[in-house]
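Notes follow once the structure below has been shown.
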Amino acid sequence: MLIKNQIYEAVITDYTAEGQGVAHIEGCAVFIPNAIRGEKCLVRIEKAAKTWAAGKITELLEKSPHRVNRECPVAKLCGGCDFWHMDYEEEAALKAERVRQCLNRIGGESLEQIPILGAPTCHGYRNKAQYPVASRKNKVYAGFFRAGTHQVVENERCLILPEETDLVKDTVVDYVNQFRVSAYDEVAHAGLLRHIYVRRGAVSGQVLVCLVINGRRIPKPEALTERLKKIPGFTTLVLSVNTKKGNAILGDEFITLHGPGYIEDTLCGLTFRLSPRSFYQVNHHQAQRLYEAAISQAEITKEDTVLDLYCGVGTITLAMASAAGKVIGVEVIPQAVEDAKDNAKRNGIENAEFFCGDAGQAALELEAKGIKADVVVVDPPRKGLNADTIEALSRFAPRRIVYVSCDPATLARDVALLKERGYVLKNAMAADLFPRCAHVESVVTMIKNA
Ligand code: SAH
């Protein structure tokens, strides 16, 4: 066991899923933030367990050629991003490597390399922000949580967001301070404003502002609306009522104070309506490339019925509709399903159907009704597929399964389960939808073993 507060020499050999460097010292895995593969450094041990430890660099002995000066002034404190200390080349390489290692170690594959759809820019790409708020000396401010805490780090200008988004944050903060709106304090479960949520259509430029509040009304809403109207693209102001304790950001009730309560955006040549509760990928350019890759891997024909599980507002479902005979989407959030149905209509798509429910259960019901699926697309949240979904996939026995994933570890676990059910991995690709952040997306295709 390593000794706390002692300094050791370390060589960084790998990365964790969260993007920290990993070194092995005396047989113990040591996790070191802000470290780059290949670097030699002195590390102070801050936490020591039997098989692992956590430490901090006290001195860099050999710097990686990939190390760069951080462009973001709060990068070291803010928990939003992970990689401002390295160049993009290293970031893209480590993300591809992570997907490859998961598929090999957990998925039982032996892939030598995996391509990654690298991002053309790390700046201004995020179309959604959820700023937590806090107060200091009776003044409310907004920013992002410090890594691993609920302490709000003020961030004047977040480099991965478009300027309009930060402008909304500043406008809301000014209004809040003028009208003495209190910041929510989660320990006391008191105070009104919890989060400022902003979503901006990358193509439409439309801006949705949603204030998450521990209550049902805000003072002088018209004063806020008048100020927001000065921001280019401002379309709608909504309140999300969240009076519950806990970490969930949005509440279940939404009250529209101005505009239609949703925004629109264009993706893959289609127009989408987006309610605050509906999922929409945060990186428009990269999402479009990811979906194009998924659709091309699906190899759909006009005779095919395609099932899209975890379909959100129907982005992938509707983008596949023109190539397929019929497309069916399943999604658990009712507002997203309403958006999806509306999206089919507004794009004049008539061969799409949407169902609200748990993906696995709904798929089993569809199968029991005699529906056939030639191709199934799944795009689940981080926890991956549940047992019902795996069972439904096995009963449908589609020709191809295209799996879009935001967590390579659960993807690899599910790949192994699908292999037990007669599928083989055909294609695997990583995609970077979150430059400067440790998350990585991937898309794989599995085909039925003849
Ligand atoms: N394919 C869509 C959405 C992907 S995100 C897109 O790319 O835009 C994953 C989606 O799965 C979210 O919309 C989430 O609400 C939904 N979801 C989460 N759990 C689910 C479940 N058990 N059954 C069906 N959908 C679920």
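The values are calculated or read from the model by the stated rules, or taken from the named source; none is laboratory data. What you see is a predicted model, and the numbers here were worked out from it, not measured in a lab. Glycine also receives a Cβ, built like all others from the backbone with ideal geometry; neighbour counts cover every protein chain displayed. Ligands, DNA and RNA are excluded from the accessible area calculation, which covers all protein heavy atoms including side chains. Shrake-Rupley method; radii C 1.70, N 1.55, O 1.52, S 1.80 Å.
Values for this structure:
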item	result
Label-point gap, in nm, between Glu26 and Ala387 - each point 7 angstrom along Cα→Cβ	4.4 nm
Overall form of the range 1-160 per C-alpha gyration tensor (a/c, 1.5; a/b vs b/c)	oblate
Whether the range 1-74 is rounded, prolate or oblate, judged on the alpha carbon gyration tensor where a/c under 1.5 counts as rounded	prolate
Shape category assigned to the range 203-339 from the gyration tensor of Cα positions, a/c cut at 1.5	prolate
Summed residue charge, Cβ within 13 Å of Glu303's Cβ, Lys/Arg positive, Asp/Glu negative	+1
The range 128-263: relative contact order as a whole-number percent, Cα under 8 Å and 6+ apart	20 percent
Kyte-Doolittle mean at least -1.0, axial Cα span of 15 Å or more - DSSP H helices of the chain	163-178, 284-298, 408-420
Packing rank of 201-210, 341-350, where each peptide gets the mean count of other beta carbons within 10 Å, highest leading	201-210, 341-350
Virtual spin-label span in nm between Cys268 and Lys448, 7 Å along Cα→Cβ	2.3 nm
Beta bridges by DSSP in the chain, antiparallel share as percent, to the nearest 5	70 percent
Solvent-accessible area, 1.4 Å probe, carbon plus sulfur percent, for the chain	49 percent
Among beta bridges that DSSP assigns inside the range 251-358, antiparallel share in %, nearest 5	35 percent
The chain, relative contact order in percent, only Cα pairs under 8 angstrom and at least six apart counted	12 percent
Partners for Lys341 among lysines (Cα-Cα distance below 28 Å; same-chain residues under 8 apart left out)	Lys128, Lys302, Lys326, Lys369, Lys372, Lys383
Residues of the range 55-95 with amide N under 20 Å of the 7 Å Cα→Cβ point at Arg136	72-81
Charge dipole (debye, nearest 20) of the chain; +1 at Cβ of Lys and Arg, -1 at Cβ of Asp and Glu	1040 debye
Heavy-atom accessible area ranking, 1.4 Å probe, most first, across Met429, Met1	Met1, Met429
Kirkwood hydrodynamic radius over Cα pairs of the chain, then Stokes diffusion coefficient at 10 °C and 1.306 mPa s, in µm²/s	67 µm²/s
Antiparallel content of DSSP bridges confined to the range 163-288, in %, to 5	70 percent
Aspartates and glutamates with Cα under 14 Å of Lys76, excluding same-chain neighbours fewer than 8 positions away	Glu154
Average accessible area per residue (Å²) across the range 32-186 - probe 1.4 Å, nucleic acids and ligands excluded	52 Å²
Residue order for Thr16, Thr243 - accessible surface, 1.4 angstrom probe, largest first	Thr243, Thr16
Percent RCO, i.e. relative contact order, over the range 1-134, from Cα pairs under 8 Å lying at least 6 residues apart	17 percent
Cβ-placed point charges (K, R +1; D, E -1), dipole of the range 151-280 about Cα centre in debye, nearest 20	340 debye
Which listed pairs, of Lys137/Lys230; Lys4/Lys56; Lys47/Lys95, have C-alpha distances above 19 Å, in listed order	Lys137/Lys230; Lys47/Lys95
Label-point gap, in nm, between Lys245 and Lys40 - each point 7 angstrom along Cα→Cβ	5.2 nm
Mean residue ellipticity (222 nm) of the chain, computed from DSSP H runs ≥ 4 via -39,500 (n - 2.57), nearest 500	-7500 deg cm²/dmol
